[in-house]
1. Select from the stretch 129-179 the residues that are closer than 21 Å to residue 83 by Cβ, within 16 Å of the ligand (Cβ to nearest atom) and among the basic types (Lys, Arg) and list them in ascending order.
2. With respect to residue 22, is the statement that it is at pLDDT 95 or above, touching an Asp or Glu at 6+ places or on another chain (Cβ under 7 Å) and within 24 Å of residue 217 (Cβ to Cβ) true?
3. Please work out which residue is farthest from residue 103 (Cα to Cα), limiting yourself to the stretch 16-39 and to residues that are of a type in the set (A, V, I, L, M, F, W, C), more than 6 Å from the ligand (Cβ to nearest atom) and crowded, with 24+ Cβ neighbours inside 10 Å.
4. Conditions: (1) of a type in the set (D, E, K, R); (2) more than 12 Å from the ligand (Cβ to nearest atom); (3) part of a helix (DSSP H, G or I); (4) under 14 Å from the mean Cα position of the chain (by Cα). Residue 85 meets all but one. Number of the miss?
5. Six or more apart or on different chains, Cβ under 6 Å: which pairs go from a residue in the stretch 133-147 that's closer than 17 Å to residue 5 by Cα and touching a residue at least 40 places away in the same chain (Cβ under 8 Å) to one that's of a type outside the set (Phe, Trp, Tyr) and surrounded by fewer than 20 Cβ atoms within 10 Å (Cβ to Cβ)? Could you list them?
6. List pairs: first residue in the stretch 89-106 and among the small types (Gly, Ala, Ser) and surrounded by fewer than 21 Cβ atoms within 10 Å (Cβ to Cβ), second residue outside any loop (DSSP other than H, G, I, E, B) and at pLDDT 95 or above anywhere in the structure, Cβ distance under 7 angstrom, at least six positions apart or on different chains.
7. State all residues of the stretch 211-233 that are away from the ligand (no atom under 12 Å from the Cβ) and farther than 18 Å from residue 97 by Cβ; if no residue qualifies, say none.
8. Looking only at the stretch 40-52, count every residue that is more than 8 Å from the ligand (Cβ to nearest atom) and either buried (at least 18 other Cβ atoms within 10 Å of the Cβ) or within 17 Å of residue 74 (Cα to Cα) (or both) and tell me the total.
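The values are calculated or read from the model by the stated rules, or taken from the named source; none is laboratory data. Keep in mind that what you see is a predicted model, and the values were worked out from it rather than measured. All Cβ positions, even for glycine, are placed from backbone atoms using ideal geometry, and neighbour counts span all protein chains on display.
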Amino acid sequence: MIISFEGRVAIVTGAGGGLGRAYALELAKRGAKVLVNDLGAARDGTGHSDAALAVVAEIEAAGGQAMSDGGSVADYGQMEKMVAKAKAAWGGVHILINNAGILRDKSFAKMEIADFRAVVDVHLIGSANCTKAVWAVMQEQNYGRILMTSSSTGLYGNFGQANYAAAKLGLAGFARTLALEGARHNIKVNTIAPTAATRMTHGLFPPELLGLFTPETVAPAALYLVSEDAPTAAILGAGAGVVQAANITLTRGVKLAEATPEAVAASWAAITEREGEIVPQSGAEQAMTILARLQGN
Ligand SMILES: NC(=O)c1ccc[n+]([C@@H]2O[C@H](COP(=O)([O-])OP(=O)(O)OC[C@H]3O[C@@H](n4cnc5c(N)ncnc54)[C@H](O)[C@@H]3O)[C@@H](O)[C@H]2O)c1
């Protein structure tokens with residue numbers, strides 16, 4: 001089965017380089033019309049350049065269709081204009097990949113609150129801005145595929161990235177809720193946690209691994225998650241051609257013998273026992289599993 005994007009309109013944010021560029025090129029190669037958004041900022045989010053234009057030129061040189069947008073995802077008005085531009089030119093928007101991102105790494109003790117806010121503004125609020133701008137369009141079309149970009153830092157933590165972690169795990173929760181809300185309009189919403197050698201991870205990969213962890217090796221997972229037959233509410237890890245699934249689990253738990261913190265301490269091993277744990281499909285399942293536990297199940 002060939003996965004085609006013929007007739008689809010896709011927006012990829014932060015696609016002037018790195019992962020976003022790889023996604024945009026592959027979507028266009030497979031038939032999508034692609035709006036390449038990028039503010040062209042430096043790694044910390046400052047400054048501005050025409051990064052998106054070069055990617056549009058690459059797509060066009062390969063025979064594809066693309067247009068550029070230099071708006072900031074952190075500005076809702078600019079994202080509304082971006083979506084309106086794609087819709088006016090191509091009749092709709094079927095795919096949104098929220099990929100734009102910045103870093104302001106520092107241990108939390110040394111981090112200014114402005115640096116915390118700036119990272120949340122671009123990753124979390126930026127993704128909400130773009131998603132809000134396309135949501136009604138996708139509802140009307142009864143078709144939408146949205147991908148959030150999380151990170152292993154958000155899912156599992158990483159020293160020096162408290163701001164980034166907060167934003168990135170927020171995106172996974174955002175995606176899972178939108179998957180529930182979008183289901184009846186055939187809007188599927190997934191999350192990717194990529195790992196690739198890009199400007200963002202410059203200096204982190206040893207030189208001998210640079211050729212292995214290319215952005216192109218992440219693109220297959222991203223494209224599958226925005227394809228017609230995509231799952232919804234999935235969280236995939238991807239890098240160097242390896243694709244993994246991440247799950248947020250819940251253990252069976254314990255009914256405390258008495259309602260005291262001492263009883264929690266005494267039951268710690270049983271509370272954290274992973275045998276029989278589940279992956280809830282919505283938050284409501286927590287209360288349901290608690291009731292089941294009270295009934296001795
Ligand atoms: N590279 C990795 O290993 C890795 C790991 C986990 C998550 N990620 C995530 O993947 C995404 C892509 O990162 P990358 O590694 O390709 O880095 P990158 O720096 O090459 O790409 C990010 C792009 O976003 C653009 N951008 C920044 N602020 C913007 C704004 N306000 N509006 C529009 N565009 C903006 C930048 O100009 C840049 O081109 C990011 O969300 C990042 O957090 C990357």
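1. First pass over the stretch 129-179, keeping only residues closer than 21 Å to residue 83 by Cβ: 129-149, 171, 174-175, 177-179.
Filter once more, keeping what is within 16 Å of the ligand (Cβ to nearest atom): 129-134, 146-149, 171, 174-175.
Matches in the stretch 129-179: 132 only.
2. Numbers: at pLDDT 95 or above: yes; touching an Asp or Glu at 6+ places or on another chain (Cβ under 7 Å): yes; within 24 Å of residue 217 (Cβ to Cβ): yes.
Answer is yes for this residue.
3. 32
4. Among (1) of a type in the set (D, E, K, R); (2) more than 12 Å from the ligand (Cβ to nearest atom); (3) part of a helix (DSSP H, G or I); (4) under 14 Å from the mean Cα position of the chain (by Cα), residue 85 violates only (4).
5. Partner pairs satisfying both residue conditions: 141/92; 142/185; 142/186; 143/186; 145/230.
6. 89/67; 92/9; 92/137; 92/141
7. 211, 212
8. So in the stretch 40-52, the residues more than 8 Å from the ligand (Cβ to nearest atom) come out as 44, 46-48, 50, 52.
After this cut, where a residue has to be either buried (at least 18 other Cβ atoms within 10 Å of the Cβ) or within 17 Å of residue 74 (Cα to Cα) (or both) as well, the list is 44, 46-48, 52.
So the count comes out to 5.
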